[in-house]
Each structure stands twice: as C-alpha cells, then as structure tokens.
Amino acid sequence: MPMHASSDNQPNPPPLLHLEQVSKAFGGVRALTEISFEVGFGRIQGLIGPNGAGKTTLFNLVSGALKPDAGDIHFDGKPIQGRPGHELVALGIARTFQNVELFGSMSVLENVLVGRHVRTRCGFWGALIRHAGVKREEREAREKALELLAFVGLADQADSPSQDLPFGWQRLLEIARALAAEPRVLLLDEPAAGLNRVESDHLGDLIDRIRDQGITILMVEHDMGLTMRVCDRIVVLDHGRLLAQGTPREIQRHPDVLAAYLGKSPTST
Ligand SMILES: Nc1ncnc2c1ncn2[C@@H]1O[C@H](COP(=O)(O)OP(=O)(O)O)[C@@H](O)[C@H]1O
Ligand SMILES: [Mg+2]
C-alpha cells in the first residue's frame, strides 16, 4: 500500500505547527514541561506516551481549549497560544475527542453540518433562522456534508440519529464533522480506541486519504500497529516531558521509549 508518498518526496517539509518550550501545570501537576517539536506540512505525526503523559493536554493547548502557562505555539508561522478555540477552528485547526463528543439526538448529517458552520457566511444562527440568502449556502453545506459522509464511509447513515450508530462509526462521524470545518491540521485524540481490527484498518486508510487531501495530521494513539503503519514521525511524551522523537523505526528501537513502556503495554493503557 502506498503510505508515505507525499512526505517521502519531501523529507523535511516546513513546519505547519511549531511548539516551543510549552508548559502547562494543573495545580501541582506538571502536565507538560518545556515541550518543543514541529509538525511539518503534510505529515502524519504520531504523539504517544503512557497514560497521564500529557497528550490530551497538549491537544487542548493547540486547539485553544486551554492556555499554556509558558511557551509559544505557532501555526503556519503565526503565534496562536492563548487564542480561543473558535478562532483556531476558523484558522484551520480541527480536532476530535478522546471520548467521542457528538450531538446524540441530532442526525448524522446534522452533526457534520455543525462542524461546517464556521465556513458558512451566515453561520449557525443564520442557518437556524433560514432567511432567504441562507438557502443556497445551506444547500451547498448539505452537499458538502454528504460528500464528507461518503468520504468516511457513512453515506447510508445520513438520517440516522448519531446515538444509534455503532461506536466505531461514531468515531468516523466525529472525523467527518472535524473535516467539515476544512482544517489544515487535524488533531485526532485516540481515534482507534474501542475499534476492532477491521475498523482500525479502515481508519488507517482513512487517515492516509485525509493526508492525501493536503491535511496535516497530529494523532494521539495507543494502537501501536496503527501508529507505526500510518505515521511519518512520532513524538513520545512521558510524565509531561518530551522523551524522544523520530521515525517509527527509530522510536521502536529507542532505549528510553522501551524503558518508559516496559511492563506496561502501550496497547493496554
Ligand atoms: N483539567 C485538568 N485538571 C487537573 N489535572 C489535569 C487536567 N487535565 C489533565 N490533568 C492531569 O495532567 C496530566 C496529563 O493528563 P493528560 O493530558 O490527560 O494525559 P494523557 O492524555 O497523555 O493520558 C495527568 O496527570 C492528568 O491527571
Ligand atoms: Mg488522553
């Protein structure tokens, strides 16, 4: 399977996302300490580490859900640290959540439309009021949402309540909703958690196809098979510190990484 075509041709793409000395504490808990790394344009970058390593906190900082205590986060060369989440979505940073967060009683299609509202001129409230100028935009948004559902493999589920979907499909729906915001970087927090082998293979293919659309991916994942298969580069966190970074091959052999995981299988945490 052609996996890394775009990044192999360009071993060192310029950074789309750049963290510099980023720190975050919760009271006495130092969740992240002076973390620096880059995610190059068009990469699929993995972010791994034992539970409590600070992975979700890092996503919360990059997506604007939390502000760093110190350090800089640059997106496409511009500082973004401390800016609110809705501004960052508009800039092109979208995410999914470790615990799937959907609007359960809304249909599958409506969930994708919620993700799209940042790209519609009239916005979510305009769409609710439905004045005349909104109609065409609404039709286009619907077509785009249906395309995205087809892209993730949920075309037949558009009208189902999202809470009726099997769990694995809810994860795909969350990805479709994130893509509806037309991100330049997509943050995936444990996208394979709770998926069976077939579903996680499908997810791997989907992640490749998302990158083929020109979207950069930063992905937290405990499924090492999937991580090693799809990622170009991997960053390892442990107790809030950056332990190692490199290619999947380098990370698999890295003595500090092996030590951090010793006795606690990464797939079981
Ligand atoms: N909102 C919060 N309040 C207090 N402590 C938190 C909060 N979020 C995370 N932490 C703590 O920060 C550390 C890193 O957590 P987290 O980023 O969720 O790790 P990971 O995603 O790698 O499992 C943990 O010790 C966790 O308990
Ligand atoms: Mg987490």
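Annotations for the structure displayed:
- Check on VAL100, more than 16 Å from ligand 2 (Cβ to nearest atom) and within 21 Å of LYS55 (Cβ to Cβ): no
- Checking each residue in segment 68-97 for being away from ligand 2 (no atom under 16 Å from the Cβ), of a type in the set (D, E, K, R) and either without any contact (Cβ under 8 Å) to a residue 24 or more places away in the chain or outside any loop (DSSP other than H, G, I, E, B) (or both) picks out ASP72, LYS78, ARG83, GLU87.
- Residues that are touching a strand residue (DSSP E or B) at 6+ places or on another chain (Cβ under 7 Å) and of a type in the set (S, T, N, Q) do occur in segment 242-259.
- Positions within segment 16-75 being hydrophobic (A, V, I, L, M, F, W, C), under 15 Å from the mean Cα position of the chain (by Cα) and within 11 Å of ligand 1 (Cβ to nearest atom), in sequence order: LEU47, ILE48, LEU58, PHE59, LEU61, ALA65
Bear in mind that the values in this text are calculations on the coordinates, not laboratory data. For clarity, every value in this text was computed on a predicted model and none was experimentally measured. Counting neighbours? That spans all protein chains shown, and the Cβs are built from the backbone with ideal geometry, glycine included.
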